[in-house]
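Visitor: Mind having a look at this structure? Questions to follow.
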Amino acid sequence: MKEKLKNKLNVLIIFIVTFIVLFLALKDDFNTIIYQIVNIDIKFLIIAFLLMISYYYLRTIVLHDFITKFKKDYRFFDTFSLILKTQFFNGITPFATGGQPFQVYMLKKENIKITNATNIIIQNFIVYQIALVILGLIAVICNYFIHFFKDITILKHLVTLGFIINILVTFILFILAFTVKLNKWIGNISIKVLKEIKIIKNQKEALDKWEKYVENFHDGAIILLQNKGKFIKGIFYNLMALCSLYLIPLVLLYGMGNFNVITSYEAIITSAYVMLIGSFVPIPGGSGGLEYGFIAFYGNYIKGTTLKSIMLLWRFITYYLGMILGAIVLNIKKKEK
């Protein structure tokens with residue numbers, strides 16, 4: 001009941017923030033922006049959609065590779081369906097925290113042991129996080145030497161903060177993976193403190209859950225690192241997936257007849273910066289923060305109504321489309337049952 005209420009609240013927040021973003025983007029140039037969106041070259045719009053689908057497809061390859069280690073007859077189509085459904089739960093929860101528990105639940109329903117399901121999702125998360133940090137690191141280093149964004153010091157600091165958060169997440173992943181005794185000790189101390197301040201009621205139950213989580217994480221990481229080929233392959237496919245995602249604004253810009261404004265590598269670096277902004281926006285989908293980051297960073301290359309038109313199309317394709325497709329797939333599965 002509480003979970004349903006929380007999800008409804010998150011959806012309400014998404015609607016409110018979306019309304020505010022649309023109002024701010026359209027209030028001065030409504031007719032021009034709508035005209036640009038409606039008259040975009042359809043072939044480039046299709047390519048932008050295909051880039052988004054390729055992002056889902058490449059991430060499906062990685063996840064399917066991990067799943068079939070534990071369930072060899074699991075269909076690729078079912079993994080793709082799971083990736084789409086995950087977009088819905090990622091989209092309605094802050095920091096995209098709803099997707100992974102949902103994936104574990106769905107894999108468990110496919111008769112995969114919950115420990116194995118957890119290991120699959122942990123391995124998938126590790127390789128994705130490493131790929132995200134690699135592209136973020138490349139973007140930060142390139143901007144440090146080339147200075148793409150000279151006039152937005154505050155946002156550069158926010159990006160640095162986002163990058164540090166991603167580095168810390170990756171660092172914590174490795175701590176969880178390789179220091180089981182230390183993690184159990186930290187968990188024990190933390191749970192005792194939380195029990196004292198009345199946040200946790202059942203100390204033993206909380207400690208048992210933490211120890212099981214640490215052991216699962218350790219097992220998942222060890223399995224992943226034992227298969228170096230799968231580890232490198234997972235990072236590579238995630239890098240390709242992120243590049244597909246990051247090139248969408250460039251293709252949309254081509255669709256509006258602007259072919260010489262920004263290069264492909266500049267688009268990847270700029271998109272990486274925008275996504276780093278979303279790392280610490282505590283609203284579902286990073287709503288508000290990502291749009292602001294897009295306008296600020298891509299505003300170095302694009303101006304006026306074209307910038308706003310591209311931003312609205314980009315946001316629909318990279319965020320709302322995934323939630324819509326996820327909701328449709330979820331609804332189809334329910335009707336089948």
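The values are calculated or read from the model by the stated rules, or taken from the named source; none is laboratory data. Everything quoted here is computed from the prediction, not taken from an experiment. FYI the Cβ positions are ideal-geometry reconstructions off the backbone, even for glycines, and counts take in every protein chain you see.
Visitor: Going residue by residue through the stretch 72-81, is there one that turns out to be within 23 Å of Asn166 (Cβ to Cβ) and either crowded, with 17+ Cβ neighbours inside 10 Å or not β-branched (Val, Ile, Thr) (or both)?
Guide: First, pick out the residues of the stretch 72-81 that are within 23 Å of Asn166 (Cβ to Cβ): none.
Taking every residue of the stretch 72-81 in turn, none turns out to be within 23 Å of Asn166 (Cβ to Cβ) and either crowded, with 17+ Cβ neighbours inside 10 Å or not β-branched (Val, Ile, Thr) (or both).
Visitor: Next question. Could you please let me know if Ala241 is under 25 Å from the mean Cα position of the chain (by Cα), in contact (Cβ under 8 Å) with a residue 12 or more places away in the chain and under 16 Å from Asn119 (Cα atoms)? Reasoning before the result, please.
Guide: Working: under 25 Å from the mean Cα position of the chain (by Cα): yes; in contact (Cβ under 8 Å) with a residue 12 or more places away in the chain: yes; under 16 Å from Asn119 (Cα atoms): no.
No: the conditions fail for Ala241.
Visitor: Filter the stretch 210-239 down to the residues that are in contact with a Phe, Trp or Tyr (Cβ under 8 Å, 6 or more places away or on another chain) and within 19 Å of Ala131 (Cα to Cα) and list them by number. Outline the logic, then answer.
Guide: First, pick out the residues of the stretch 210-239 that are in contact with a Phe, Trp or Tyr (Cβ under 8 Å, 6 or more places away or on another chain): 218, 221, 224-225, 230, 234, 238.
Ala221, Leu224, Leu225, Lys230, Gly234, Asn238, listed by residue number.
Visitor: Okay, moving on. Looking at Ala131, is it over 28 Å from Ile164 (Cα atoms), outside any loop (DSSP other than H, G, I, E, B) and not charged (D, E, K, R)? Walk me through how you get there before you give the answer.
Guide: Values: over 28 Å from Ile164 (Cα atoms): no; outside any loop (DSSP other than H, G, I, E, B): yes; not charged (D, E, K, R): yes.
The answer is no for Ala131.
Visitor: Kindly indicate whether Gly136 is crowded, with 18+ Cβ neighbours inside 10 Å and modelled with pLDDT under 85.
Guide: Details: crowded, with 18+ Cβ neighbours inside 10 Å: yes; modelled with pLDDT under 85: no.
No: the conditions fail for Gly136.
Visitor: Of the residues Phe70, Phe44, Phe89, which single one is within 22 Å of Gly326 (Cβ to Cβ) and either in a helix (DSSP H, G or I) or touching a helix residue (DSSP H, G or I) at 6+ places or on another chain (Cβ under 8 Å) (or both)? Give the derivation first.
Guide: Numbers: Phe70 fails: within 22 Å of Gly326 (Cβ to Cβ); Phe44 fails: within 22 Å of Gly326 (Cβ to Cβ).
Being within 22 Å of Gly326 (Cβ to Cβ) and either in a helix (DSSP H, G or I) or touching a helix residue (DSSP H, G or I) at 6+ places or on another chain (Cβ under 8 Å) (or both) holds for just one of Phe70, Phe44, Phe89, which is Phe89.
Visitor: Could you list, in sequence order, all residues of the stretch 100-131 that are of a type in the set (S, T, N, Q) and either within 15 Å of the chain's Cα centre (by Cα) or surrounded by fewer than 23 Cβ atoms within 10 Å (Cβ to Cβ) (or both)? Outline the logic, then answer.
Guide: Here is the first cut: in the stretch 100-131, the residues of a type in the set (S, T, N, Q) are 100, 103, 111, 115-116, 118-119, 123-124, 129.
Scanning the stretch 100-131 gives Gln100, Gln103, Asn111, Thr115, Asn116, Asn124, Gln129.
Visitor: Before we move on, is Tyr55 assigned to a helix (DSSP H, G or I) and touching a residue at least 40 places away in the same chain (Cβ under 8 Å)? Full working, then the answer.
Guide: Values: assigned to a helix (DSSP H, G or I): yes; touching a residue at least 40 places away in the same chain (Cβ under 8 Å): yes.
Answer is yes for this residue.
Visitor: Could you tell me which numbered condition Gly288 fails, if it satisfies all but one of (1) modelled with pLDDT of 85 or more; (2) farther than 16 Å from Gly99 by Cα?
Guide: The one condition Gly288 does not meet is (1).
Visitor: Another question, if that's okay. Scan the stretch 289-319 for residues that are over 15 Å from Leu253 (Cβ atoms), touching a residue at least 40 places away in the same chain (Cβ under 8 Å) and in contact with a Ser or Thr (Cβ under 9 Å, 6 or more places away or on another chain) and jot them down. Before you say what the answer is, go through the steps one by one.
Guide: Going residue by residue through the stretch 289-319, those that are over 15 Å from Leu253 (Cβ atoms) are 289-293, 296, 316, 319.
Retained after the next criterion (residues that are touching a residue at least 40 places away in the same chain (Cβ under 8 Å)): 291, 293, 296, 319.
Answer for the stretch 289-319, where residues must be over 15 Å from Leu253 (Cβ atoms), touching a residue at least 40 places away in the same chain (Cβ under 8 Å) and in contact with a Ser or Thr (Cβ under 9 Å, 6 or more places away or on another chain): just Tyr319.
Visitor: Looking at (1) closer than 22 Å to Phe236 by Cα; (2) part of a helix (DSSP H, G or I); (3) out of contact with any Lys or Arg (no Cβ under 6 Å at 6 or more places or on another chain), can you tell me which one Ile83 breaks?
Guide: With (1) closer than 22 Å to Phe236 by Cα; (2) part of a helix (DSSP H, G or I); (3) out of contact with any Lys or Arg (no Cβ under 6 Å at 6 or more places or on another chain) applied to Ile83, the lone miss is (3).
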